[in-house]
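The values are calculated or read from the model by the stated rules, or taken from the named source; none is laboratory data. Just so you know, these numbers come straight off a predicted model, no measurement behind them. All Cβ positions, even for glycine, are placed from backbone atoms using ideal geometry, and neighbour counts span all protein chains on display. For accessibility, only protein heavy atoms count, side chains too; no ligands or nucleic acids. Shrake-Rupley method; radii C 1.70, N 1.55, O 1.52, S 1.80 Å.
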Amino acid sequence: MLEQLFKLSENKTTVRTEIVAGITTFLTMAYIIFVNPDILSKAGMPFGAVFASTCVAAAIGCLLMAFLANYPIALAPGMGLNAYFAFVVVGQMKFSWQVALGCVFLSGILFFIISVLPIREWIVNAIPRSLKMAIAAGIGLFLALIALKNAGIVVANPATMVAHGDLASWPVLMATLGFALIVALEYRKVLGGVIIGILAVTIVSIIAGQQKFGGIVDMPPSIAPVFLQMDLGGALQVGLVTVVFAFLFVDLFDNTGTLIALAHRGGFMRPDGTVPRLNRALISDSAAAMIGAAVGTSTTTSYIESASGINAGGRTGLTALTVAVLFLLALFIAPLAGSIPPYATAPALLYVACLMTRGLVEIEWNDITESAPAVITAIAMPFTFSIAEGIAFGFISYAGIKFVAGKFADIHPAVAILAVLFVIKYVVMP
């Protein structure tokens, strides 16, 4: 049955290899079951229910990828967008988390339509590479600021806007040690380095009496408080168009870039550079985003950590199926998730931020009309505390600088249209 479903022989793999690859991928991305509930609970969502929805959404996303696209790619609620959900849409813009879930659901519908129609290629090809790289880097800087805030390293200051906190405090010391441990383990290619760092900080804090221990295994918490709680009516407000677009835009480019990178690493890419079953993979992603919002979590997306499983020999959807089973089993460790303090997950956020900011290397620094809008895009995200604002500033500055410089041919019609729409948005709704 597995041979018929996943074409193991055709892909030159075995059941054992695929299962080992699935376990490998799960261990490299399992940190999300601790980090995502911690972030979304800042938006007022019940921690236990979000823990359950994170595991369920990840499992469903992996199953979709396994059976629709037959790729060894795992999905889970994405980093960056969960922070945007909690700290910007809910925390800064003051919308309810139910409305935010509605925005995620609508972005999933639009992503699905774009994936089915040939619009995706037009949009992806329209956005300059420098802006794509800057958006990824900007999200990394945004995550870094949140990580430093959660660790107590950066605090608000009325005179200077930000300042450092009590650097001798327990959270700061533990977050610093946790980050150093994660980086060292990842450098030495220790499997599950991120989750080891999170658990190490938690265990030390519990032993030192700085954190209460709630246990390890128990029956899964109820998902009912967040299940089907999305407010679609509220999400259709005109003022939330930018929010829906931000979820869609980041998910679209993050998924496309991740899928292409993983296809290249796994040897799935054709000689002409195209990826077989790419539309099926994107449809799996868009459906996962919609279902994730329905079960009560932020945007579910493909994980670049799937590369670890591909390196371990994963070549088919059986790898993703294995990850799905492990996420379902993880439902039973909710007490452990509840025992992890925010300063233990902060190092994981900062580590992911470091990985994302390397996109700055691929910006065309020799062309100031490319690099200047990219820098504006990247720094606007943490400084405005909004991914959407960074994207808007990036489009406006790119089109404006290219126009003034006389480089009209570099401005794709889609970029020009979006830039004008963003300007109108700021004029009408400043």
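Output the number of residues of the range 144-158 satisfying the condition of being polar (S, T, N, Q) and in contact with a helix residue (DSSP H, G or I) (Cβ under 9 Å, 6 or more places away or on another chain).
1
Identify, by number, the condition in (1) crowded, with 24+ Cβ neighbours inside 10 Å; (2) closer than 19 Å to Met290 by Cα that Val99 doesn't meet.
Here Val99 clears every test but (1).
Could you list, in sequence order, the residues of the range 31-64 that are assigned to a loop (DSSP other than H, G, I, E, B), small (Gly, Ala, Ser) and either farther than 22 Å from Leu141 by Cα or in contact with a Cys (Cβ under 6 Å, 6 or more places away or on another chain) (or both)?
Correct list: Gly44 only.
So that you can scan it fast, the table gives a plain yes or no per residue for (1) modelled with pLDDT under 85; (2) of a type in the set (Asp, Glu):
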residue	(1), (2)
Glu305	yes, yes
Ala312	yes, no
Thr319	no, no
Leu336	yes, no
Ser339	yes, no
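Could you check Ala224 against (1) without any contact (Cβ under 8 Å) to a residue 24 or more places away in the chain; (2) open to solvent by 30 Å² or more (accessible area, probe 1.4 Å) and say which number it fails?
(1)
Quick check: is even one residue across the range 1-18 surrounded by fewer than 24 Cβ atoms within 10 Å (Cβ to Cβ), in contact with a Leu (Cβ under 8 Å, 6 or more places away or on another chain), of a type in the set (Lys, Arg) and over 27 Å from Pro382 (Cβ atoms)?
Scanning the range 1-18 turns up no residue that is surrounded by fewer than 24 Cβ atoms within 10 Å (Cβ to Cβ), in contact with a Leu (Cβ under 8 Å, 6 or more places away or on another chain), of a type in the set (Lys, Arg) and over 27 Å from Pro382 (Cβ atoms).
With respect to the numbered conditions (1) surrounded by 14 or more Cβ atoms within 10 Å (Cβ to Cβ); (2) not in a helix (DSSP H, G or I), which one is the sole condition not fulfilled by Ile396?
Going through (1) surrounded by 14 or more Cβ atoms within 10 Å (Cβ to Cβ); (2) not in a helix (DSSP H, G or I) one by one, Ile396 breaks only (2).
Among the listed residues Val375, Val352, Val361, identify the single one that is farther than 28 Å from Val244 by Cα and either under 21 Å from the mean Cα position of the chain (by Cα) or not aromatic (Phe, Trp, Tyr) (or both). Don't jump to the end; show me each part of the working.
On the way: Val375 fails: farther than 28 Å from Val244 by Cα; Val352 fails: farther than 28 Å from Val244 by Cα.
Exactly one residue qualifies, and that residue is Val361.
Quickly run through the range 76-94 and pick out the residues that are open to solvent by 10 Å² or more (accessible area, probe 1.4 Å), hydrophobic (A, V, I, L, M, F, W, C) and farther than 22 Å from Leu63 by Cα.
Phe87, Val90, Met93
Consider the range 346-376. How many of its residues are assigned to a helix (DSSP H, G or I), modelled with pLDDT of 90 or more and open to solvent by less than 40 Å² (accessible area, probe 1.4 Å)?
Going through the range 346-376 one residue at a time, the tally reaches 6.
Looking at Leu248, Leu252, Leu199, which is the one that is within 22 Å of Ile39 (Cβ to Cβ), surrounded by 14 or more Cβ atoms within 10 Å (Cβ to Cβ) and touching a Ser or Thr at 6+ places or on another chain (Cβ under 7 Å)?
Leu248
Write out, first by first residue and then by second, each pair whose Cβ atoms fall under 8 Å of each other, whose residues are 6+ apart or on separate chains, and whose first residue, in the range 278-292, is over 19 Å from Phe227 (Cα atoms) and in a helix (DSSP H, G or I) while the second is of a type in the set (Val, Ile, Thr) and modelled with pLDDT of 85 or more.
Listed by first residue and then by second, the contacts come to Ala281/Ile73; Asp285/Thr300; Asp285/Thr301.
Take the range 206-233 and flag every residue that is outside any loop (DSSP other than H, G, I, E, B) and more than 30 Å from Val415 (Cβ to Cβ).
Answer for the range 206-233, where residues must be outside any loop (DSSP other than H, G, I, E, B) and more than 30 Å from Val415 (Cβ to Cβ): Ile206, Ile207, Gly233.
Any residue in the range 378-405 that's within 15 Å of Ile135 (Cβ to Cβ): show its pairings with residues that are part of a loop (DSSP other than H, G, I, E, B) and of a type in the set (A, V, I, L, M, F, W, C) at Cβ separation under 9 Å, as long as the two are six or more apart or on different chains.
Ala378/Ile363; Ser386/Met93; Phe395/Ile127; Tyr398/Ile411
Go through the range 202-216 and give me each residue that's open to solvent by less than 50 Å² (accessible area, probe 1.4 Å) and under 20 Å from Ile32 (Cβ atoms).
Within the range 202-216, just Thr202 meets the criteria.
Can you say whether Pro413 is over 27 Å from the mean Cα position of the chain (by Cα) and either modelled with pLDDT under 90 or of a type in the set (Phe, Trp, Tyr) (or both), as far as the supplied structure shows?
In short, yes.
So for the range 172-187 (the condition being surrounded by 13 or more Cβ atoms within 10 Å (Cβ to Cβ), farther than 30 Å from Ile387 by Cβ and either within 24 Å of the chain's Cα centre (by Cα) or at pLDDT 90 or above (or both)), does at least one residue qualify?
yes
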